[in-house]
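Reading through the structure tokens given below for one structure.
Only the coordinates and a few stated rules stand behind these numbers; no lab work does. Because the structure is predicted, anything quoted here is derived from the model rather than measured. Every residue, glycine as well, gets a Cβ built from its backbone with ideal geometry; the counts of neighbours run over all protein chains shown.
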Amino acid sequence: MAAQVDLNKCTMCGGIVQPLCVEICPDSAIRVQDNRVVVTEFLCEDCNECGCICPDKAISVSVGKITF
């Protein structure tokens, strides 16, 4: 399971074009589409870099899946 974004919590912290999670994703699995953060599941390697940097705590990865 890829990182999950809680859209009710996400405030697009870095701006609409480049939120922090998009910047830090080593796999380019996160992008902004239709003014919201979207995770491409097959690209996401469950590293949780996005979840660690998210100031809104809007991104989560299942603890059993974290690969670092």
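Computed over all pairs of different Cα atoms, the Kirkwood value for the hydrodynamic radius of the chain is 11.6 Å. Taking amide H as placed 1.01 Å from N in the peptide plane, Gly14 has its amide H under 5 Å from the amide H of Leu20, each at least 5 places away in sequence or on another chain. Ellipticity at 222 nm from helices only: DSSP H runs of n ≥ 4 in the chain, each -39500 (n - 2.57), divided by the residue count, give -3000 deg cm²/dmol. The dipole here belongs to the chain: it is taken about the Cα centre, uses +1 on the Cβ of Lys and Arg and -1 on the Cβ of Asp and Glu, and is about 180 debye.
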